[in-house]
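In what follows, a single structure is set out as structure tokens and then discussed.
The values are calculated or read from the model by the stated rules, or taken from the named source; none is laboratory data. Worth saying up front: this structure is predicted, and the values here are computed from it rather than measured. Don't worry about glycine lacking a Cβ; one is built from the backbone with ideal geometry, like all the others, and counts go over all protein chains shown. Each accessible area value is taken on the protein alone, full model and side chains, heavy atoms only, with ligands, DNA and RNA left out. Shrake-Rupley method; radii C 1.70, N 1.55, O 1.52, S 1.80 Å.
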Amino acid sequence: MIQLEAIHIEEFRGIRKLDLKLDCKSFVVHGPNGSGKSGVVDAIGFAITGTISRLSGPGTGGLTVLRHGPHVHRRDDPAAAKVSLTIRDTTTGKSAVLSRTIKAPGSFTLTPDTTEMREALRSVQDHPELTLSRREIIKFILAESGKRAAEVQALLKLEGLEERRKTLKTTLSLASRDVTGSKASLEDARDGARRHFDVADLDATEIMKAANKRRDLLKLTPLQELSLDTDFKQGLEQEETQTTFNKASATRDVEALVKALAHSEVMNDNIAALRPALSDLASDVTILEALQQREFVASGLDLVIDAAVCPLCDTAWENVDALRQHLQEKIARSDAAAALQKKIMTAGTALIAQIRSLRGLVRATQPHALAHGDVPLQLALEQVYEDFLTVETALGSPQGALGQKERVDSDLLRIPADLQDGLAGLIRTLRALPDNSARVDAQSYLVLADERWSQLRLAKAKYGRSMAVKSSAQTIYDAYCKSVDTALTNLYETVEGSFSEFYRQINSDDEAAFKAELGPSSGKLDLVVDFYGLGMFPPGAYHSEGHQDGMGVCLYLALVKQLLGDSFRFAVLDDVVMSVDSNHRRQFCELLKERFPDVQFVITTHDEIWAKQMQSSGLISRTGHARFYGWNVNEGPAAEQGVDLWDRIDADLAKDDVAGAAHKLRRGLEAIMTDLAEALRARVAYKGDAKYELGELLGSVTGRHGDWLSKAAKSANSWGNAAAKQSVEELKDSRSKAVLAQQNENWAVNALVHYNEWASMSKADFVPVVKAWRQFLELFQCDNAACESWIYVSGAAGKEETLRCDCGVYNLNLVGK
Amino acid sequence: MSNIEQQILIDFVSELVTQGSVPASLISELHDRLTSEKLPSAEMLLTVLRDAAKEGTP
């Protein structure tokens, strides 16, 4: 696996030139919508895979990487559009530079180019799911169960399972078809044998009696037993076996065909069942289309998320509900079409068997017509044979059956009018032939008996093999399904546990008993979740959008953890947490930090508070963020990386931009006070919109900080801990000075922001203001420059344990003796 | 092929061996085919099964 040390982007999408230093740590790119953040995600994806996901998939018809990947001003110069990633192999710790240009997206350079580095790179290239957008996470949660199973299996790299299952299922179907065909051939062979032996059943005694009667006449040893290997002509001289015409047997073959054709009304019930079904099919051509499009439309419905554009054809719709309704109507129509298909196939299959039997009789009659010089009859039988074969094939599908509708409605078999006459003539011819001598008759009888018996033996062997093949195919298919079901059940139980655990951590305040159930069944994956102990429901039933987003990320993390285990070291989360409510953001950051400490998350968000939260929770370092703002087409985004508040203010003051510095100070203080209010559990008057003025938070934060220091002093006293007591006293002293200085300068911030008096305030006037605030905020940090968290209170409400920072250098006990 | 898929195919082979109704040579052939980079067609698998059935017929 790899992690990113740095990113270099040139003339790519909306970015002209950008350098970001990530140092293989989690990193956040934040800025308002339209500030160019997504260009960074696209660039990372492009460098790794050579594709830009935003330019492919539904709704992106006509967009290409080559034409639309470069910045619009360099659209005719794709070589100028390039991305370089400095990557580190997490196994070896070695670094390399991966570069790719839009001109040659299919190839990349790697410097140094080593086998190990290519292996590490491939581990990311093989996992496109490591870049996750909100649209993708919500698919896991809100998709219908069949689609969810496909999405989850794709993420877990299990698509091959379903492909193999389908292949084995098709193999089983083909094997079953073989059985049907070989069974019909066996019946034909049995019929042929019955006709020749002139018996109602293939009874061994009857057959041996008939055969031994001829063998006796020829003075041959009688048959003692009958088996499939019996040689009826055993003992005949070679020249005696050349006689293959037997008058009686031939006559019975032709008579059987005449009789079967004359009683073709046995097909009438099946024809009667087929007619109305074909009429229904013919009356609405869209039924066939519905059948053909059924699966396609179902997949389209799953892809409709929140845009009123058809994902199948890019047609714009008035609204997304109308589009959904249209697709649902199509699926409903295909349900009716599926029922109609079943009727057609049931009647069609029965007719196929009946026609196939007739065809067998035609085949048995053909040689007799040929042998007796009736060429027109032979040609007519040949034509009938081919015609029956065509009809059989056509009846095997609804579309083919529809093509035979006219015949089904009038005369399915279309026996030529003169065929019966021809067959009657053939029978007369056969009967008129002089009887063979008894000896020749017996010889031909035994020769033909052996021929028919051989056909029966071969047909039976073929049928046996087809049954064995089907049995093997069934055993293999069942064993495969059993192995898959067992493995997936275990796998989903693990995922289900991790998912529930992660979600509980984010929502520990109000859903500490949350649990989820993933139910795999027949290619589907049902998901139900607990809703405040009131029952298990689909996630979209009662949970808010924010909770659903949280579930999506948790399920994603659980799946990737299952897929990659300890190899999970890198992921890009593209604005996936936009809807998570403000009460749960800190917990979300802590989830990523605590559960995935070795993973480098590259996160984009348009919400600055989110970015602050990630920093204050310790998920990202003080330099681990880039702020995007003020994008324009000529210059791309303005971006600052890792520049903290004070550096930005100093930069403004260096340019005598007091207004800019004042604005940054005010906005920065508002964001910081929000973090501190939460970290110190400040008591603030509740506001429904959660929009607090700086002044509303400042007093509460300052007061609460004082409360905690007092509590820490009491604790130190109770334990008789002199060192701790002195430490707290020093902190209280610093607090008094810093608060006083801040209060003295506070008027300036209010004046600057609310009354625009900055115009009359000079840099010299403003520098002391900045200094006072800086000193004030230092109260809430430890002395360790590497520790980038604000101090916070640990322990449950009412049972607070410590006032501490992340690294532990600042750590005051709040528990008394 | 993912680790999970590989494990499932190993379990599948074990299941067939345990059942004992499919010849060992066919199980081995199936495993090779199902783990190959390009999944065989159903027709090809059917041919494999037919060949195995022919071998099993005296």
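Only residues that are open to solvent by 40 Å² or more (accessible area, probe 1.4 Å), free of Cβ contacts under 8 Å to residues at least 60 places away in the same chain and not in a loop (DSSP other than H, G, I, E, B) were counted in the stretch A:511-520, giving 1. Within the stretch A:457-465, the presence of at least one residue that is among the aliphatic types (A, V, I, L, M), assigned to a helix (DSSP H, G or I) and more than 9 Å from chain B (Cβ to nearest Cβ) is confirmed. Check the stretch A:475-498 and report whether any residue there is within 7 Å of chain B (Cβ to nearest Cβ), modelled with pLDDT of 90 or more and touching a Pro at 6+ places or on another chain (Cβ under 9 Å). No; the residues of the stretch A:475-498 include none that is within 7 Å of chain B (Cβ to nearest Cβ), modelled with pLDDT of 90 or more and touching a Pro at 6+ places or on another chain (Cβ under 9 Å). The selection criterion, being at pLDDT 85 or above and touching a His at 6+ places or on another chain (Cβ under 9 Å), holds for A:Ala626.
Taking B:Leu9 as the residue in question, decide whether it is of a type outside the set (Gly, Ala, Ser) and within 30 Å of A:Leu228 (Cα to Cα). The answer is no for B:Leu9. Taking each residue of the stretch A:400-418 that is touching a residue at least 40 places away in the same chain (Cβ under 8 Å) and open to solvent by 20 Å² or more (accessible area, probe 1.4 Å) and looking for partners that are in a helix (DSSP H, G or I) and among the basic types (Lys, Arg) with beta-carbon atoms closer than 8 Å, six or more apart or interchain, yields A:Asp409/A:Arg275. Taken residue by residue, the stretch A:115-137 has at least one member that is under 30 Å from A:Pro539 (Cβ atoms), part of a loop (DSSP other than H, G, I, E, B) and at pLDDT 75 or above.
Across the stretch A:26-52, the qualifying residues are those that are under 19 Å from A:Arg88 (Cα atoms) and among the polar types (S, T, N, Q), and the one among them that is surrounded by the most Cβ atoms within 10 Å (Cβ to Cβ) is A:Ser26.
When the stretch B:12-25 is filtered for residues that are open to solvent by 70 Å² or more (accessible area, probe 1.4 Å), at the interface with chain A (Cβ under 9 Å from one of its Cβ atoms) and within 13 Å of the chain's Cα centre (by Cα), only B:Ser21 remains.
Looking at A:Thr205, is it assigned to a helix (DSSP H, G or I) and over 20 Å from A:Glu451 (Cβ atoms)? Taking the combined requirement at face value, the residue satisfies it. Exactly one residue out of A:Ala189, A:Ala256, A:Ala250 is closer than 23 Å to A:Arg439 by Cβ, buried (at least 18 other Cβ atoms within 10 Å of the Cβ) and small (Gly, Ala, Ser): that is A:Ala250. Can you find a residue that is in a helix (DSSP H, G or I), crowded, with 20+ Cβ neighbours inside 10 Å and of a type outside the set (A, V, I, L, M) anywhere in the stretch A:588-609? Yes, some residue in the stretch A:588-609 is in a helix (DSSP H, G or I), crowded, with 20+ Cβ neighbours inside 10 Å and of a type outside the set (A, V, I, L, M). Across the stretch B:1-8, not a single residue is classified as open to solvent by 50 Å² or more (accessible area, probe 1.4 Å), at pLDDT 90 or above and more than 7 Å from chain A (Cβ to nearest Cβ).
For the criterion of being open to solvent by less than 20 Å² (accessible area, probe 1.4 Å) and in a helix (DSSP H, G or I), A:Ala473 passes. Within the stretch B:26-53, the only residue that satisfies the criterion of being open to solvent by 20 Å² or more (accessible area, probe 1.4 Å), outside any loop (DSSP other than H, G, I, E, B), of a type in the set (Gly, Ala, Ser) and within 9 Å of another protein chain (Cβ to nearest Cβ) is B:Ala52.
So A:Gly706 ticks every box in (1) modelled with pLDDT of 85 or more; (2) more than 19 Å from A:Asp675 (Cα to Cα); (3) among the small types (Gly, Ala, Ser) but one. Which box is left unticked? Only one criterion is unmet by A:Gly706, namely (2). Looking at the stretch A:98-118, is at least one residue more than 14 Å from chain B (Cβ to nearest Cβ), in contact with a Pro (Cβ under 6 Å, 6 or more places away or on another chain) and under 30 Å from A:Val528 (Cβ atoms)? The answer is no, given that none of the residues of the stretch A:98-118 is more than 14 Å from chain B (Cβ to nearest Cβ), in contact with a Pro (Cβ under 6 Å, 6 or more places away or on another chain) and under 30 Å from A:Val528 (Cβ atoms). Across the stretch A:148-166, the qualifying residues are those that are of a type in the set (A, V, I, L, M, F, W, C) and part of a helix (DSSP H, G or I), and the one among them that is nearest to the other protein chains (Cβ to nearest Cβ) is A:Leu161.
Checked against (1) of a type outside the set (A, V, I, L, M, F, W, C); (2) free of Cβ contacts under 8 Å to residues at least 12 places away in the same chain; (3) exposed (fewer than 15 other Cβ atoms within 10 Å of the Cβ); (4) away from chain B (no Cβ under 11 Å), A:Ser508 meets all criteria but (2).
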